[in-house]
Amino acid sequence: MDAADIRILSVGTALPGPLLDNAALARRFGMDELWQQWIDTFIGSSTRHLAVDLESGEVVSSLVDLGTAAARRALDNAGLEPGDIDVMVLGTAMPDQLMPTSVNMIADRLGINNVPTFQLQSGCTGAVQAMDLGRQLLLNGGRHALVIGGEVCAKHYDLTLDVKKMAPDELVNLLLFGDAAGAAVLTSDDVPDTLSLRLLLNRLTGLGRPPGQSVDWFGLIDRASARQAVSEDYKAIEESVPVMSSEILDEMLADLEWSRTDVDYLLPPQLSVKMTDRIVERLNVPGAEEISCVSEISNTGNALPFFQLERLIPQMAEGDRAIGIAVESSKWIKAGFALEKV
């Protein structure tokens with residue numbers, strides 16, 4: 001799992017539409033004051049960006065739109081041209097369509113061609129999995145990998161539903177998520193003043209465990225099905241994610257031979273504000289500065305680690321160390337990464 005030869009050269013992010021606060025969300029779905037209090041008490045996120053206009057139902061941004069914008073910013077921040085990229089990897093749970101793949105549509109818009117491309121379908125660990133694959137491919141040759149993560153969850157909203165009649169495992173998805181994309185350029189070059197990937201963890205641990213979250217696809221034959229499109233076992237997630245996060249941190253520290261006092265910055269999972277607070281408390285890394293943005297953009301799945309990195313990079317000084325943690329609850333994947341400024 002040693003990734004010391006690969007560095008993060010740059011990061012870029014993209015958000016759709018205008019900022020949407022809880023009051024606007026509540027007005028649109030006819031939520032009363034008790035529902036708004038529930039959002040504040042159990043979720044805690046105050047704003048988000050959605051790729052759908054909630055008044056008209058029009059989709060204003062696709063995953064390809066957002067992924068392209070984030071990737072362009074990452075390339076610009078790295079001072080690179082599309083032709084400098086040797087491999088592309090996208091991690092997402094919400095591709096625009098089954099085929100063609102969203103990663104190839106992003107490549108087409110960027111003008112990238114004649115390189116290997118990969119699309120990984122995964123929940124909240126997809127960004128780390130994309131970094132892991134990009135790292136491994138660079139270790140086998142090549143200078144630059146473009147890794148992307150993003151989600152467009154709002155396209156799964158049924159704007160005609162009465163939220164007062166929605167099941168809790170369906171309602172939570174309406175309130176928890178935002179839409180976004182992020183990207184990073186990884187390099188095998190020895191570039192000074194960059195973040196070195198010291199370790200990457202990526203492991204399926206869900207053998208025999210029921211899924212914590214499900215997102216269904218509907219084809220022509222079953223598009224009128226009454227079955228629920230999105231569901232979440234939030235109780236299982238509440239119970240399992242803090243424990244798994246602690247296990248991830250302990251394993252990574254042991255592999256790195258770091259102690260908790262060696263960690264200067266902590267990038268915790270970003271399920272919700274309340275869950276992040278619980279996780280950070282359990283992780284108990286008192287000397288580390290927390291890098292979180294879920295309050296402002298809500299849970300954006302595979303985009304969120306890139307927003308965390310975007311905030312982290314300007315703050316790190318030479319010798320500083322950071323650890324990021326991600327948990328995928330649909331089939332329980334542990335993931336994480338360790339960084340050092342060199």
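Structure notes:
- In the stretch 270-285, residue modelled with the highest pLDDT [restricted to those that are charged (D, E, K, R) and in contact with a helix residue (DSSP H, G or I) (Cβ under 8 Å, 6 or more places away or on another chain)]: 282
- Number of positions in the stretch 75-114 that are of a type in the set (Gly, Ala, Ser) and crowded, with 16+ Cβ neighbours inside 10 Å: 5
- The set of residues from the stretch 232-269 being in a loop (DSSP other than H, G, I, E, B) and at pLDDT below 95 comprises just one member, 233.
- Residue 204 being in contact with a Lys or Arg (Cβ under 9 Å, 6 or more places away or on another chain) and either surrounded by fewer than 17 Cβ atoms within 10 Å (Cβ to Cβ) or not assigned by TED's automatic domain parsing to the domain that holds residue 144 (or both): yes
- Assessment of the stretch 164-178 against the conditions (modelled with pLDDT under 85, surrounded by fewer than 24 Cβ atoms within 10 Å (Cβ to Cβ), outside any helix (DSSP H, G or I) and not assigned by TED's automatic domain parsing to the domain that holds residue 332) yields at least one matching residue.
- Per-region count, the stretch 234-264, residues touching a residue at least 60 places away in the same chain (Cβ under 8 Å) and either within 18 Å of residue 304 (Cα to Cα) or within 19 Å of the chain's Cα centre (by Cα) (or both): 8
- Candidates 303, 288: the one that is surrounded by 18 or more Cβ atoms within 10 Å (Cβ to Cβ), modelled with pLDDT of 95 or more, under 23 Å from residue 182 (Cα atoms) and among the small types (Gly, Ala, Ser) is 303.
- Yes/no for residue 256 being buried (at least 16 other Cβ atoms within 10 Å of the Cβ) and either touching a Cys at 6+ places or on another chain (Cβ under 9 Å) or more than 20 Å from residue 153 (Cβ to Cβ) (or both): yes
The values are calculated or read from the model by the stated rules, or taken from the named source; none is laboratory data. In this text, all values refer to a predicted model and were calculated from it rather than measured experimentally. With ideal geometry, Cβ positions are generated from the backbone for all residues, glycine too; neighbour counts draw on all protein chains shown.
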